[in-house]
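Inspection log for the structure reproduced underneath, given as structure tokens.
The values are calculated or read from the model by the stated rules, or taken from the named source; none is laboratory data. Because the structure is a prediction, the values reported are computed rather than measured. Methodologically, a virtual Cβ is constructed for each residue, glycine included, from the backbone with ideal geometry; neighbour enumeration extends over all protein chains shown.
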Amino acid sequence: MTATTATKAATATTATTTATTATAATTDNDEQAAMRLRVKRLVYIAAGGRIKEEDLGSSDTDLRTIGLDSLSYLNLLEGLERTFGVAIDLDQEEDHSFLHTIDNIVRYLGRRSTAA
């Protein structure tokens, strides 16, 4: 193999790797966006009509400030467990801040799915 052929092969491999990485990143973003929508819907359902879906427009809104109470959080936990197939044991979680925002919940579920 000549130096030029080796350079072309290396360039082609780099381009393929870059395209694969970009596709994986897009897929991850799509999956996160889909998960974020599912979590928003679960929060809305868990609140039992006490909040408006518009209140969930921002994924970093603190759910405690828009009206989620303890019963709503129990409903949300049950919905998350059923929808995403995870068991959430609050006694085992040192930090409960993962339940404060939709973004935190999505990150938590992402960590749980990669750990499984």
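Descriptive notes on the structure:
- Search result, residues across segment 51-87 that are in contact with a Ser or Thr (Cβ under 8 Å, 6 or more places away or on another chain) and assigned to a loop (DSSP other than H, G, I, E, B): Ser59, Asp60, Thr61, Asp62, Val86
- Single unsatisfied condition, Glu93 versus (1) more than 14 Å from Lys40 (Cα to Cα); (2) acidic (Asp, Glu); (3) in a helix (DSSP H, G or I): (3)
- Qualifying residues in segment 24-59 (those that are acidic (Asp, Glu), at pLDDT below 90 and over 15 Å from Arg107 (Cβ atoms)) - the one surrounded by the most Cβ atoms within 10 Å (Cβ to Cβ): Asp55
- Pairs are defined by a Cβ separation below 7 Å, a sequence spacing of at least 6 or placement on different chains, a first member in segment 60-77 that is closer than 17 Å to Val106 by Cα, and a second member that is surrounded by 16 or more Cβ atoms within 10 Å (Cβ to Cβ) and among the hydroxyl-bearing types (Ser, Thr, Tyr); the pairs so defined are Asp60/Thr101; Thr61/Thr101; Asp62/Thr101; Leu63/Thr101.
- The residues on offer are Gly79, Gly67, and the sole one that is surrounded by 12 or more Cβ atoms within 10 Å (Cβ to Cβ) and modelled with pLDDT of 95 or more is Gly79.
- Unique match (being hydrophobic (A, V, I, L, M, F, W, C), farther than 18 Å from Met35 by Cα and in contact with a Lys or Arg (Cβ under 9 Å, 6 or more places away or on another chain)) among Ile66, Ile102, Ile88, Ile51: Ile66
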